[in-house]
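Everything below concerns the one structure shown next.
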Amino acid sequence: MTSIIKSLLLTGIIALLSTSVFAQDGKMLYKTTFCSTCHGLTGKAIVPNYPSLKGQNAKYMSAQVKDIISGVRKSNLTILMTNNPNIKEISENKIDTITEYIANP
């Protein structure tokens, strides 16, 4: 095999491994930050007032969460997020990890 093919294969293997770890981190964070409380265990909300997140655009969701936490976006429902200490202190990296996980169908 040429070095280019070997490099591409190695890159692909690393991407697959990191994607699976990334997804597991997102799944764990989704549950431990209590996102599932309102948005359902699988991202499909069981209460009509809360949006279903599964399959939504990750960048859009990430921006919305960041706006809610910063106070830019406010509503009666966002109060539950901003009053939750697990969400108030979450890093942008963790938000992105969660939204990438839940965006995947």
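The values are calculated or read from the model by the stated rules, or taken from the named source; none is laboratory data. No experiment lies behind these values; they were computed from the predicted model shown. All Cβ positions, glycine included, derive from the backbone under ideal geometry; neighbour counts span all protein chains shown. Heavy atoms of the whole protein, side chains included, go into the accessibility calculation; ligands, DNA and RNA do not. Shrake-Rupley method; radii C 1.70, N 1.55, O 1.52, S 1.80 Å.
Assuming V65 fulfils every condition listed in (1) in contact (Cβ under 8 Å) with a residue 24 or more places away in the chain; (2) in a loop (DSSP other than H, G, I, E, B); (3) open to solvent by less than 50 Å² (accessible area, probe 1.4 Å) apart from one, which condition is it? Going through (1) in contact (Cβ under 8 Å) with a residue 24 or more places away in the chain; (2) in a loop (DSSP other than H, G, I, E, B); (3) open to solvent by less than 50 Å² (accessible area, probe 1.4 Å) one by one, V65 breaks only (2). Would you please name the residue that is nearest to I98 (Cα to Cα), looking only at residues in the stretch 49-62 that are open to solvent by 100 Å² or more (accessible area, probe 1.4 Å) and not in a loop (DSSP other than H, G, I, E, B)? Looking at the filtered set, the residue picked out is K59. Against the conditions (1) modelled with pLDDT under 90; (2) within 14 Å of the chain's Cα centre (by Cα); (3) surrounded by fewer than 16 Cβ atoms within 10 Å (Cβ to Cβ), S7 satisfies every one except (2).
Can you tell me which of I87, I79, I46 is surrounded by fewer than 16 Cβ atoms within 10 Å (Cβ to Cβ), part of a helix (DSSP H, G or I) and modelled with pLDDT under 90? So that I can check it myself, show each step before the final result.
Values: I87 fails: surrounded by fewer than 16 Cβ atoms within 10 Å (Cβ to Cβ); I46 fails: part of a helix (DSSP H, G or I).
Selected residue: I79, the only one of I87, I79, I46 that is surrounded by fewer than 16 Cβ atoms within 10 Å (Cβ to Cβ), part of a helix (DSSP H, G or I) and modelled with pLDDT under 90.
So is V72 without any contact (Cβ under 8 Å) to a residue 40 or more places away in the chain and open to solvent by less than 80 Å² (accessible area, probe 1.4 Å) or not? Reasoning before the result, please.
Details: without any contact (Cβ under 8 Å) to a residue 40 or more places away in the chain: yes; open to solvent by less than 80 Å² (accessible area, probe 1.4 Å): no.
It is false that V72 is without any contact (Cβ under 8 Å) to a residue 40 or more places away in the chain and open to solvent by less than 80 Å² (accessible area, probe 1.4 Å).
Checking the stated criteria, L29 turns out to be more than 12 Å from A103 (Cα to Cα) and touching a residue at least 60 places away in the same chain (Cβ under 8 Å). Say we look at the stretch 10-43 and pick out the residues that are aromatic (F, W, Y) and open to solvent by 70 Å² or more (accessible area, probe 1.4 Å); which of these is modelled with the lowest pLDDT? It comes out as F22.
Residue-wise test of (1) of a type in the set (A, V, I, L, M); (2) farther than 16 Å from L29 by Cβ.
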position: P51; (1), (2): no, yes
position: A58; (1), (2): yes, no
position: I79; (1), (2): yes, yes
position: N86; (1), (2): no, no
position: T97; (1), (2): no, no
position: A103; (1), (2): yes, no
